[in-house]
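Asker: Have a look at this one.
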Amino acid sequence: MLLLIPGPVSTHPAVKAAMTRDIAPWDDDFRALYASVRSKLLALAEVDPAVHAVLPLQGCGHFGMEAAIRTMVPADTGRLLVPLTGSYGVRMARLAREAGRHVIELPIPPFSPIEPSAVAAALRADAAITHVGLVYSETSTGVVHDPAAVGAVVRAAGRAMIVDAVSAFGALPLALAAQPEIQAVVFTSNKCLEGMPGLSFTLARIDALERATPAGSWCLDLGDLFRHTRGHGAGTFRFTPPAQVLAACEVALDLHRQEGGAAARLARYRANSRALRHGMEAIGLIPYLAPGVQGPIVMNVRAPDDPAWSLQHFVRELKDRGFLISNFFDTPEPSFRVGCIGQVTEADMHGFVTSVDMALSSMGVQNRGPARRAA
Ligand SMILES: *Cc1c(COP(=O)(O)O)cnc(C)c1O
């Protein structure tokens, strides 16, 4: 079964094979593996280990985001501006609020990239805002936002930024060394890095970690995690790690480098996304977004306006043909969504398009055009 979802993704057989042994995470052999994953991630991010640290945390992306926000945004004096890019922007705002942080929401037009001038205006209007929380690739809409352009206005205003790069890191570019306003970037093992789920990583500025006030949660305190690493070594965890996930991550990072790094991975994802768009259009389906705003990670396609359409039925038909897509949609009007990331090639996308065509025919869908919104 090929997973065409925006994470967890289909993985390489060698990544799966790395998970088939028992591991003692406090053993010296494992410490070397863990330290090596960390140094490979610093190399991938092209950062100076004297300036940035990489902090692995048990749990998925939400855990990493909450830890980064708790660690970087002080509970008393911090103010986090969150552009509402879509579901993940909304989730970031909720995470921060439930962690007791002060949140200011910045509504933005749906399905369009954040205008840096809107962020600049919000920062001018409220001098108490200390941080901007940016979703790099908004997985609900498929829109990729611009951390360099948004970061430039944040830097000019003397504020800091936290980036949710969960569906971006490993493929989309991020020049951390050139963006000192970015205090923390969060990502996971199981999206563009093409590893297994169970771990988040935060790349954080060491100066910000050293200044950080207590997070209000021992488990989610990246400052504490950093101090532990300093005291005990890069190969040690505070609490039991998902060791097999780390072992798989090391293999995934080696495959990433062999493929040609982030640029090569992005090129493959773009080719997947293009093949998907052309294929959908060729069989009469309409992607939700225009090519200019469509990012390469995930694509929403408008659902056919036909009484025979049922997303759950469609998902089952596709599973019977070897492809798994999301069984929910996250757009105002009905759609289905397809991930373009993971161990997936353009040829797989061509096969997927053929399967969609067959699935719709077998469901008896006559009209493949989208539902029109009532006036
Ligand atoms: C996947 C994702 C997350 C984290 O999701 P988890 O299920 O917690 O791993 C966060 N932000 C974005 C943009 C994502 O795509």
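The values are calculated or read from the model by the stated rules, or taken from the named source; none is laboratory data. In this text, all values refer to a predicted model and were calculated from it rather than measured experimentally. All Cβ positions, glycine included, derive from the backbone under ideal geometry; neighbour counts span all protein chains shown. The area values use the complete protein model at the heavy-atom level, side chains included, leaving out ligands, DNA and RNA. Shrake-Rupley method; radii C 1.70, N 1.55, O 1.52, S 1.80 Å.
Asker: Mind jotting down a quarter of the surface of the convex hull over the alpha carbons of segment 151-306, in square nanometres, one decimal?
Answerer: Numbers: hull surface 52.3 nm².
The orientation-averaged projected area of the Cα hull of segment 151-306 comes to 13.1 nm².
Asker: Run the numbers for Asp320 and Asp146: contour at 0.36 nm per residue of separation, minus the present Cα-Cα distance, in nm.
Answerer: Length gained, Asp320 through Asp146: 58.8 nm.
Asker: Now for a different question. Once the piece of chain linking Trp218 and Glu115 is laid out straight, how much longer is it, given 0.36 nm per residue of separation minus the C-alpha distance between them?
Answerer: Length difference between fully extended and current span is 33.4 nm.
Asker: When each pair of different Cα atoms in the chain is counted once in the 1/r mean, what is the Kirkwood radius in angstroms, to one decimal?
Answerer: Taking the inverse mean of 1/r over all distinct Cα pairs, the chain comes out at 21.4 Å.
Asker: Can you give the relative contact order of the chain as a percent, counting alpha carbon pairs under 8 Å and 6+ residues apart?
Answerer: The normalised contact order for the chain reaches 24 percent.
Asker: Hey, can you grab everything whose amide H is under 5 Å from the amide H of Ala308? Only 5+ residues off in sequence or another chain; H modelled, so Pro and N-termini drop out.
Answerer: Amide H neighbours of Ala308: Gln366.
Asker: Going by the alpha-carbon gyration tensor, a ≥ b ≥ c the square roots of its eigenvalues, is segment 100-142 rounded (a/c under 1.5) or, if a/c is not under 1.5, prolate (a/b greater than b/c) versus oblate?
Answerer: Oblate, because a/c is 1.5 or more while a/b does not exceed b/c.
Asker: May I ask you to rank His278, His52 by accessible area, largest first, using a 1.4 Å probe over the protein chains only?
Answerer: His278, His52
Asker: On to the next question. Please calculate how many Å² of accessible area the chain carries per residue, with a 1.4 Å probe and no DNA, RNA or ligand atoms counted.
Answerer: Per-residue value: 40 Å².
Asker: To continue, here is another question. Write out the chymotrypsin sites (Phe, Trp or Tyr not before Pro) in segment 77-151 meeting two conditions: DSSP loop, and at most 10 other Cβ atoms within 10 Å of their Cβ.
Answerer: Values: sites: Tyr88, Phe111, Tyr136; in loops: Phe111, Tyr136.
Passing sites in segment 77-151 do not exist.
Asker: Quick one: pull the percent of accessible area on the chain belonging to carbon and sulfur, 1.4 Å probe, ligands and nucleic acids left out.
Answerer: The nonpolar share, carbon plus sulfur, comes to 56 percent.
Asker: Right, next: Between the DSSP loop rule and a limit of at most 13 other Cβ atoms within 10 Å, which chymotrypsin sites (Phe, Trp or Tyr not before Pro) in segment 266-375 are left? Mind dumping the intermediate values first?
Answerer: Numbers: sites: Tyr269, Tyr288, Trp309, Phe314, Phe323, Phe328, Phe329, Phe336, Phe352; in loops: Tyr288, Trp309, Phe328, Phe329.
Answer by residue number: Phe328.
Asker: With +1 on the Cβ of every Lys and Arg and -1 on the Cβ of every Asp and Glu, and nothing else charged, how large is the dipole of the chain about its Cα centre, in debye rounded to the nearest 20?
Answerer: 260
Asker: Looking at the square roots a ≥ b ≥ c of the eigenvalues of the Cα gyration tensor of segment 1-94, which shape do they give, rounded for a/c under 1.5, prolate if a/b is larger than b/c, or oblate?
Answerer: Cα axes put segment 1-94 in the oblate bin.
Asker: If you place +1 on the Cβ of every Lys and Arg, -1 on the Cβ of every Asp and Glu, and leave all else neutral, what size is the dipole of segment 184-315 about its Cα centre, to the nearest 20 Debye?
Answerer: That gives segment 184-315 a dipole magnitude of about 260 debye.
Asker: When the chain is fully extended, how far beyond the present Cα-Cα distance does Ala35 get from Arg97, taking 0.36 nm per residue of separation?
Answerer: Gain on stretching Ala35 to Arg97: 19.0 nm.
Asker: Could you compute the FRET efficiency for Arg227 and His278, with r as their C-beta to C-beta distance and R0 at 41 Å, rounded to 0.05?
Answerer: Working: r = 51 Å, r/R0 = 1.25.
Using R0 = 41 Å, I get an efficiency of 0.20.
Asker: On to the next question. Between Thr20 and Gln258, take the C-beta separation as r, use R0 = 22 Å, and let me know the FRET efficiency to the nearest 0.05.
Answerer: Rounded to the nearest 0.05, the efficiency is 0.55.
Asker: Let me ask something else. List the residues, sorted by chain then number, that are 5 or more residues from Val298 or on another chain and whose placed amide H is less than 5 Å from its amide H.
Answerer: Cys340
Asker: Oh, and also: Keeping all protein chains in place and using 1.4 angstrom, which order do Met196, Met349 fall into by accessible surface area, from largest down? Intermediate values should be presented prior to the final figure.
Answerer: Numbers: Met196 35, Met349 0 Å².
Ranked list, largest accessible area first: Met196, Met349.
Asker: How charged is the neighbourhood of Ser167? Take every other residue with its Cβ under 11 Å from the Cβ of Ser167, and add Lys/Arg as +1 and Asp/Glu as -1.
Answerer: So the environment of Ser167 carries a net charge of -1.
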